[in-house]
Amino acid sequence: MAYSDKVIDHYENPRNVGAFDKNDPSVATGMVGAPACGDVMKLQLKVGENGIIEDAKFKTYGCGSAIASSSLVTEWVKGKSIDEATSIKNTDIAEELALPPVKIHCSILAEDAIKAAVEDYKSKHKS
Ligand code: FES
Ligand code: FES
C-alpha cells in the first residue's frame, strides 16, 4: 500500500512527540485504543486560563497513519478553543493525509483522542 507524502512526512518527522506532566492542572489527557488493531494513542492538551489550547503533545503506539494523524492534530488544535478542537473530524484528517479506506480508523483514533482529552479537561474544570 502506498502512503501519501504527508503521511510519510508526519511519520518521519512527527510534530510534538512527548508528554506533559499529567499533574499540571492545565494539562488534559486523552488516551484511546483502536479495537480493530490494538493501536493506542495518547494526546495531551495544555489549555490556558481562557480555554485556548496553547500546546499539544502525543505518543502513539501504532501504525504510520495513526502516528501521522496524531502528529497532524497536535498542529491543528493549537490556538483553538477546547470546543473548536472537538469540531475536528476524522474525515478532515483522512482527507488531509489522503488515507486509504483501510486506514480511516487510524484517523478516527485521532478524533477520539481529541474528544477524550476534552472530556478530561471538562471533568477537571467543573466550576
Ligand atoms: Fe499494525 Fe496498527 S495494525 S500498527
Ligand atoms: Fe490501526 Fe492504524 S491505527 S492500523
Q) Which peptide among 106-119, 76-89 comes first, and what is the full order, when sorted by highest mean count of other Cβ atoms within 10 Å? A) 106-119, 76-89
Q) Given H placed on each backbone N at 1.01 Å, which residues far from Val17 in sequence or on other chains put an amide H within less than 5 Å of it? A) Phe58
Q: Report, in order of residue number, the helices in the chain meeting two criteria: a C-alpha extent of 18 Å or more along the helix axis, and a mean Kyte-Doolittle hydropathy of at least -0.5; treat each whole DSSP H run as one helix.
A: 64-77, 104-124
Q.
I'd like the FRET efficiency for Asn50 and Thr91, computed as 1/(1 + (r/R0)^6) with the beta carbon distance as r and R0 of 41 Å, rounded to 0.05.
A. 0.90
(Q) Let me spell out the model: positive unit charges on the Cβ of Lys and Arg, negative unit charges on the Cβ of Asp and Glu, origin at the Cα centre of the chain. What dipole size does that give, in debye rounded to 20? (A) 320 debye
Q: Decide, for the chain, between rounded, prolate and oblate: order the square roots of the alpha carbon gyration tensor eigenvalues as a ≥ b ≥ c, take rounded if a/c falls under 1.5, and otherwise choose prolate if a/b is larger than b/c, else oblate.
A: prolate
**Q.** Efficiency of FRET from Cβ geometry, Lys59 and His125, R₀ 22 Å, rounded to 0.05
**A.** 0.40
**Q.** Relative contact order %, the chain, counting alpha carbon pairs below 8 Å whose residues are six or more apart
**A.** 30 percent
Q. If you add up the charges near Thr74, with Lys and Arg at +1 and Asp and Glu at -1, over every other residue whose beta carbon is less than 10 angstrom from its beta carbon, what do you get?
A. +1
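Any read-out appearing in this document is the output of simple, stated calculations on the displayed coordinates, not a laboratory observation. Here the structure is a predicted model, which means the values were calculated and not measured. Methodologically, a virtual Cβ is constructed for each residue, glycine included, from the backbone with ideal geometry; neighbour enumeration extends over all protein chains shown.
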